[in-house]
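The structure under discussion appears below in the form of structure tokens.
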Amino acid sequence: MKGIKILAAGVLVGVAALSAWAGKPLIVAHRGYWDAPGSAQNSLRSLVKADSVGAYASEFDVWRSTDGVLFVNHDSKFKGVTACEASSKVLAGVVLDNGEPMPTLKQLLTAAQSLPDLRLVFELKEHPDKEAEALAVKEGIQMVKDMGLADRTDYITFSKEALVNFAKYAPEGSLVQYLSGDLTPMQVKVVGGNAIDYHIGVLRRHPEWIKEAHELGMKVNVWTVDRPEDMQWCIDSGVDLITTNQPVVLKGLL
Ligand code: MG
């Protein structure tokens with residue numbers, strides 16, 4: 001009898017642990033883990049650091065040069081160079097704050113190949129030239145596939161056009177997430193997206209979208225959550241992924 005009681009208690013503890021784990025949001029390092037010694041936003045180092053602190057995924061931003069090379073960087077204008085108006089030769093000469101050259105997408109994906117436990121969140125920046133943007137979607141997805149990373153890459157964008165194109169071309173199993181926050185989950189689903197990735201302020205104004213997304217079979221990601229009280233609100237609200245500049249702080253909370 002005592003044995004059965006111990007066994008039953010063990011099962012209960014196990015179930016509780018499992019459900020707590022299942023309910024925990026996953027950590028996405030925003031622009032890699034850059035707030036660390038020797039790192040910089042969207043650097044190769046930040047990708048390695050995101051992996052080393054146990055982030056589930058690392059997010060990065062992609063621009064297409066005038067001659068069709070995909071580069072990883074956030075700002076449309078960085079160190080005096082406007083990414084989508086510059087050639088690959090010019091972009092390759094831009095130096096990040098940690099001394100690394102601005103990486104191409106290919107260089108970043110090459111680095112990711114040796115980090116098998118890290119998922120990738122590929123943000124395509126909104127390009128004024130919609131033709132170049134559409135090409136960047138196709139070229140980006142193709143490169144991810146060619147480098148054997150299709151099964152661990154998700155896509156995010158502020159651009160409605162790129163959202164539609166990612167939904168069309170991304171492989172099955174990839175999350176295609178919309179960032180702008182001006183569509184309901186249903187509206188995102190209608191154009192082919194399978195996740196929302198909204199600013200914390202948007203989800204605080206529309207907490208009902210979390211439930212709506214889940215009822216539609218969609219995932220919920222939230223950016224950029226750096227304050228512990230916001231992290232706790234996201235955890236309590238049942239979001240699936242939290243994008244943060246502070247992955248170590250979030251990991252501590254979880
Ligand atoms: Mg981004």
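The values are calculated or read from the model by the stated rules, or taken from the named source; none is laboratory data. Just so you know, these numbers come straight off a predicted model, no measurement behind them. Because the Cβ atoms are built from the backbone with ideal geometry, glycine has one as well, and the counts that use them run over all protein chains shown.
Tabulated values for the structure
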read-out	value
Count - residues of segment 51-88 that are aromatic (Phe, Trp, Tyr), out of contact with any helix residue (DSSP H, G or I) (no Cβ under 8 Å at 6 or more places or on another chain) and free of Cβ contacts under 8 Å to residues at least 60 places away in the same chain	1
Residue within segment 209-229 that is among the aliphatic types (A, V, I, L, M) and free of Cβ contacts under 8 Å to residues at least 12 places away in the same chain present	no
Total residues in segment 24-57, condition under 22 Å from residue 106 (Cβ atoms), away from the ligand (no atom under 16 Å from the Cβ) and aliphatic (A, V, I, L, M)	2
Subset of segment 193-206 (residues that are away from the ligand (no atom under 14 Å from the Cβ) and surrounded by 15 or more Cβ atoms within 10 Å (Cβ to Cβ))	193, 194, 195, 196, 200, 202, 203, 206
Unmet requirement for residue 171, which otherwise passes all of (1) without any contact (Cβ under 8 Å) to a residue 40 or more places away in the chain; (2) closer than 17 Å to residue 72 by Cα; (3) not in a helix (DSSP H, G or I)	(2)
Cβ pairs under 8 Å, 6+ apart, first in segment 127-149 and closer than 13 Å to residue 85 by Cα, second part of a helix (DSSP H, G or I) and among the acidic types (Asp, Glu)	127/133; 133/161
Unmet requirement for residue 74, which otherwise passes all of (1) exposed (fewer than 14 other Cβ atoms within 10 Å of the Cβ); (2) of a type outside the set (Ser, Thr, Tyr); (3) within 23 Å of residue 29 (Cβ to Cβ); (4) within 16 Å of the ligand (Cβ to nearest atom)	(1)
Selection from segment 123-164 of residues that are in a helix (DSSP H, G or I) and surrounded by 23 or more Cβ atoms within 10 Å (Cβ to Cβ)	136, 137, 140, 144, 162, 163
Filter pass, residue 40 being more than 18 Å from residue 149 (Cα to Cα) and touching a Phe, Trp or Tyr at 6+ places or on another chain (Cβ under 8 Å)	yes
Selection status of residue 109, modelled with pLDDT of 95 or more, of a type outside the set (Asp, Glu), in a helix (DSSP H, G or I) and farther than 22 Å from residue 210 by Cα	yes
